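**Q** Here you go, one structure.
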Amino acid sequence: YKGWDPMGFIGMDTVGKTLAIVGAGRIGGQLAHYAHGLGMTVIYTDVARNEKIEQDCGAEYVPTLEALLPRADVISLHVPLMDSTHHLINENHLSMMKPTAYLINTSRGPVVDERALVKALSEKKIAGAGLDVFEFEPKLSPGLARLDNVILTPHTASASKEAREEMATIAAQNILDFLEGKTPRNILNQ
């Protein structure tokens, strides 16, 4: 910190902005509630509609990523890594985003084509990105760490005492369910 700088650390207000959620399951759905409380318009896409966030938050379901991306000021990714989501956000999708938009990935690194993201950020095709996961963890794509329009965190999206305790409880309950011949409660059906 070198002193007062009226143009330093300028961010974006949330009120009146549009948040696009890609993957509106448990985590994406909770984000919709937070964003709505911050005055954001919420739009989302998913393989299934989330009627709860539509009712509670006025969220709008958008059937395709291609229709969703051009409308968003912030895009937040909340999908599992599967064949169908590998490089879900690629060079083509990044080109559909507003030049003032931000991409946030706290899901899985390979959901974003990181080399295409570095190019888009370097060329100022989008305003910025926040990444908590990386395509080639623990390594970063060349040039990513040198960019001034990206925030990188070391896979800490769940780094709270409460979240880690809940994760441990879920894991223990899954073991108990299995040993009792029950289906684990949060099994991923692929």
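The values are calculated or read from the model by the stated rules, or taken from the named source; none is laboratory data. This structure is a prediction, so every number in the text was calculated from the model and none was measured. All Cβ positions, glycine included, derive from the backbone under ideal geometry; neighbour counts span all protein chains shown. Calculation scope for accessible area: heavy atoms of the full protein, side chains included, ligands and nucleic acids excluded. Shrake-Rupley method; radii C 1.70, N 1.55, O 1.52, S 1.80 Å.
**Q** Please verify whether Pro110 is open to solvent by 60 Å² or more (accessible area, probe 1.4 Å) and either without any contact (Cβ under 8 Å) to a residue 60 or more places away in the chain or in a loop (DSSP other than H, G, I, E, B) (or both), treating the condition exactly as stated.
**A** Values: open to solvent by 60 Å² or more (accessible area, probe 1.4 Å): no; either without any contact (Cβ under 8 Å) to a residue 60 or more places away in the chain or in a loop (DSSP other than H, G, I, E, B) (or both): yes.
No.
**Q** Taking only pairs six or more apart or across chains, which ones have beta-carbon atoms under 6 Å, a first residue in region 59-81 that is small (Gly, Ala, Ser), and a second residue that is assigned to a strand (DSSP E or B) and open to solvent by 20 Å² or more (accessible area, probe 1.4 Å)?
**A** Ala72/Thr18; Ser76/Ile104
**Q** Still on this structure, please answer the following. Let me spell it out: the conditions are (1) open to solvent by 20 Å² or more (accessible area, probe 1.4 Å); (2) assigned to a loop (DSSP other than H, G, I, E, B); (3) over 25 Å from Ser158 (Cβ atoms), and Arg115 meets all of them except one. Which number is the exception?
**A** Only one criterion in (1) open to solvent by 20 Å² or more (accessible area, probe 1.4 Å); (2) assigned to a loop (DSSP other than H, G, I, E, B); (3) over 25 Å from Ser158 (Cβ atoms) is unmet by Arg115, namely (2).
**Q** Name the residues in region 71-95 that are open to solvent by 60 Å² or more (accessible area, probe 1.4 Å), outside any loop (DSSP other than H, G, I, E, B) and not polar (S, T, N, Q), would you?
**A** Arg71, Asp83, Glu91
**Q** May I pose another question? Here is a check on your reading of the model: is Glu180 under 23 Å from Leu68 (Cα atoms), surrounded by fewer than 17 Cβ atoms within 10 Å (Cβ to Cβ) and modelled with pLDDT of 90 or more?
**A** Details: under 23 Å from Leu68 (Cα atoms): no; surrounded by fewer than 17 Cβ atoms within 10 Å (Cβ to Cβ): yes; modelled with pLDDT of 90 or more: yes.
It is false that Glu180 is under 23 Å from Leu68 (Cα atoms), surrounded by fewer than 17 Cβ atoms within 10 Å (Cβ to Cβ) and modelled with pLDDT of 90 or more.
**Q** Shifting gears a bit: If only one of Ile126, Ile104 is surrounded by 13 or more Cβ atoms within 10 Å (Cβ to Cβ), assigned to a loop (DSSP other than H, G, I, E, B) and touching a strand residue (DSSP E or B) at 6+ places or on another chain (Cβ under 8 Å), which one is it? Full working, then the answer.
**A** On the way: Ile104 fails: assigned to a loop (DSSP other than H, G, I, E, B).
One residue alone meets the criteria, Ile126.
**Q** Next up: Return the residue satisfying two criteria in turn: it lies in region 129-142 and is in a strand (DSSP E or B) and touching an Asp or Glu at 6+ places or on another chain (Cβ under 9 Å), and of such residues it is surrounded by the most Cβ atoms within 10 Å (Cβ to Cβ). Break it down into steps so the answer makes sense when it comes.
**A** We begin by selecting, within region 129-142, every residue in a strand (DSSP E or B); these are 129-131, 136, 139.
Then keep just the ones that are touching an Asp or Glu at 6+ places or on another chain (Cβ under 9 Å); that gives 131, 136.
Details: Leu131: 22, Phe136: 12.
The selected residue is Leu131.
**Q** What do you reckon, is Ser158 touching a helix residue (DSSP H, G or I) at 6+ places or on another chain (Cβ under 9 Å), hydroxyl-bearing (Ser, Thr, Tyr) and either surrounded by 20 or more Cβ atoms within 10 Å (Cβ to Cβ) or modelled with pLDDT under 95 (or both)? Show your work before the answer.
**A** Details: touching a helix residue (DSSP H, G or I) at 6+ places or on another chain (Cβ under 9 Å): yes; hydroxyl-bearing (Ser, Thr, Tyr): yes; either surrounded by 20 or more Cβ atoms within 10 Å (Cβ to Cβ) or modelled with pLDDT under 95 (or both): yes.
Criteria met by Ser158.
**Q** Find all pairs meeting these conditions: Cβ atoms under 9 angstrom apart; at least six residues apart or on different chains; first residue within region 27-54 and more than 20 Å from Asn186 (Cβ to Cβ) and open to solvent by less than 70 Å² (accessible area, probe 1.4 Å); second residue at pLDDT below 95 and acidic (Asp, Glu).
**A** Filtered contacts from region 27-54: Gly39/Asp13.
**Q** Moving on to the next point. Mind listing whichever residues of region 1-15 are surrounded by 10 or more Cβ atoms within 10 Å (Cβ to Cβ) and either small (Gly, Ala, Ser) or more than 18 Å from Val150 (Cα to Cα) (or both)?
**A** Within region 1-15, just Thr14 meets the criteria.
**Q** Another question about this same structure. Among the residues of region 10-68, write down those that are among the small types (Gly, Ala, Ser), in contact with a helix residue (DSSP H, G or I) (Cβ under 6 Å, 6 or more places away or on another chain) and not in a loop (DSSP other than H, G, I, E, B).
**A** Ala20, Gly29, Ala32
**Q** Among the residues of region 55-70 satisfying the criterion of being more than 21 Å from Gly16 (Cβ to Cβ) and open to solvent by 70 Å² or more (accessible area, probe 1.4 Å), which is farthest from the chain's Cα centre (by Cα)?
**A** Pass one, region 55-70, residues more than 21 Å from Gly16 (Cβ to Cβ): 55, 63-66.
Okay, now just the ones that are also open to solvent by 70 Å² or more (accessible area, probe 1.4 Å), so 55, 63, 66.
Details: Gln55: 22, Pro63: 18, Glu66: 16 Å.
Of everything passing the filter in region 55-70, Gln55 is farthest from the chain's Cα centre (by Cα).
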